[in-house]
Amino acid sequence: MGQTPVRYECAVDVDAITAVDMHVHLEVDDCGHVAMPDDIMEASAKYFKAAERTPSIDSIAETYRGHGMAAVVFTVDARTQLGHLPNSIDDLVAGCARHNDVLIPFGSVDPRTGPDAITEARRQAEELGVRGFKFHPSVQGFDPSDEQYFPLWAELERIGLPCIFHTGQNGMGAGLPGGRGIKLKYSNPLLLDDVAAEHPGLPIIMAHPSVPWQDEANSIATHKANVYIDLSGWSPKYFPESLVRQSNNVLSRKVLFGTDFPLITPDQWLKAFADLPLKDEVRPRILKDNAVTLLGLGAERGTGDAGRGASAGERTAAGGAA
């Protein structure tokens, strides 16, 4: 029954890339199954004015190889909230394995499936070789600070891989009646403060400028050595001023380049990023260096473990703590 799953091994040459995009969506699998129901997919394409909503993994790899970049690729498992299975994570990992010079797979599990989520997270990490996990509390319909989910966070802390959590405004469900039942409150970054405090060995990446809670996100990332911010989902020209200001100093080693591709392309994002008033030494940290440290890229070349997340001590030694 079934084929042996493909295990990912990272082959990203850090010296050959100019940037690491920490936030890229793959939302269709090899069988043509998409990540979310059609009405949500269509509404998000309209909201972001996206030219192509569901590029293949091979197309994504071609895009990033052409830009001389690496990219973290994921989907979201929201089966309980949406009543819709995600696109295949096994297919996602297999595609990243074909393009392991530029693509880095993150897994995803539905926290609302309880013990099954823990079992599946362990499988994705140990059997598939994913390099992290993606969660979207609003789309998945859960409060990450609720203690019923702490066994999952404890297991992910044990596994030692970074987790991306959507924060702030939601493009998913935008413009639909009732926002398609998607609740913004679950994307308040303050809910992640409890998770970060109780699980200090779990690297947490707060995805996106966290509008309307940007000051809260800035404070958490400043206070917690294990918390980071990715800059995806918004054109840099619309970034909150406080985020730009703190990225230039206290958070210069805690913020990460991300686009939200295919909803925002690297060219669109980088063009606006060039106009931000950032110090020359900060730009390469945001575009590449911070992600290389967080993901442990190239840390153990030739051992088969390259690309596993850096330890908390390694991140701190590299300046990860504000």
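All of the numbers you see were taken from the coordinates with simple rules; none came from a lab. Predicted model only: the values in this text are computed from it and were never measured. Neighbour counts run over all protein chains shown; Cβ positions are idealised from the backbone, glycine included.
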The one condition residue 206 fails out of (1) surrounded by 21 or more Cβ atoms within 10 Å (Cβ to Cβ); (2) in a loop (DSSP other than H, G, I, E, B); (3) not polar (S, T, N, Q) is (2)
Residues of the stretch 245-270 satisfying the condition of being over 18 Å from residue 205 (Cα atoms) and either among the hydrophobic types (A, V, I, L, M, F, W, C) or crowded, with 23+ Cβ neighbours inside 10 Å (or both):
263, 264, 269, 270
Just to be sure before I move on: is residue 242 farther than 13 Å from residue 167 by Cβ, surrounded by 19 or more Cβ atoms within 10 Å (Cβ to Cβ), among the hydroxyl-bearing types (Ser, Thr, Tyr) and over 18 Å from the mean Cα position of the chain (by Cα) in the structure I sent?
no
Residues of the stretch 217-227 that turn out to be more than 17 Å from residue 164 (Cβ to Cβ) and either in contact with a strand residue (DSSP E or B) (Cβ under 9 Å, 6 or more places away or on another chain) or buried (at least 19 other Cβ atoms within 10 Å of the Cβ) (or both), as a count
1
Screening 200, 209, 151 for residues that are farther than 23 Å from residue 122 by Cβ and either in contact (Cβ under 8 Å) with a residue 60 or more places away in the chain or not aliphatic (A, V, I, L, M) (or both) leaves only 209
Here, strands (runs of 3 or more DSSP E) confined to the stretch 53-139 with at least 3 residues that are of a type in the set (S, T, N, Q) are none
Kindly provide the set of residues from the stretch 74-96 that are out of contact with any helix residue (DSSP H, G or I) (no Cβ under 7 Å at 6 or more places or on another chain) and surrounded by fewer than 20 Cβ atoms within 10 Å (Cβ to Cβ), ordered by number.
79, 83, 84, 88, 91
Those residues that are surrounded by fewer than 13 Cβ atoms within 10 Å (Cβ to Cβ) and over 28 Å from residue 203 (Cβ atoms), I need them from the stretch 1-45; list them, please.
1, 2, 3, 4, 31, 32, 38, 39
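Condition check ((1) farther than 17 Å from residue 85 by Cα; (2) surrounded by fewer than 22 Cβ atoms within 10 Å (Cβ to Cβ)) across all residues:
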{"site": "100", "(1), (2)": "yes, yes"}
{"site": "107", "(1), (2)": "no, no"}
{"site": "111", "(1), (2)": "no, no"}
{"site": "126", "(1), (2)": "yes, yes"}
{"site": "141", "(1), (2)": "no, yes"}
{"site": "144", "(1), (2)": "yes, no"}
{"site": "150", "(1), (2)": "yes, yes"}
{"site": "158", "(1), (2)": "yes, yes"}
{"site": "164", "(1), (2)": "yes, no"}
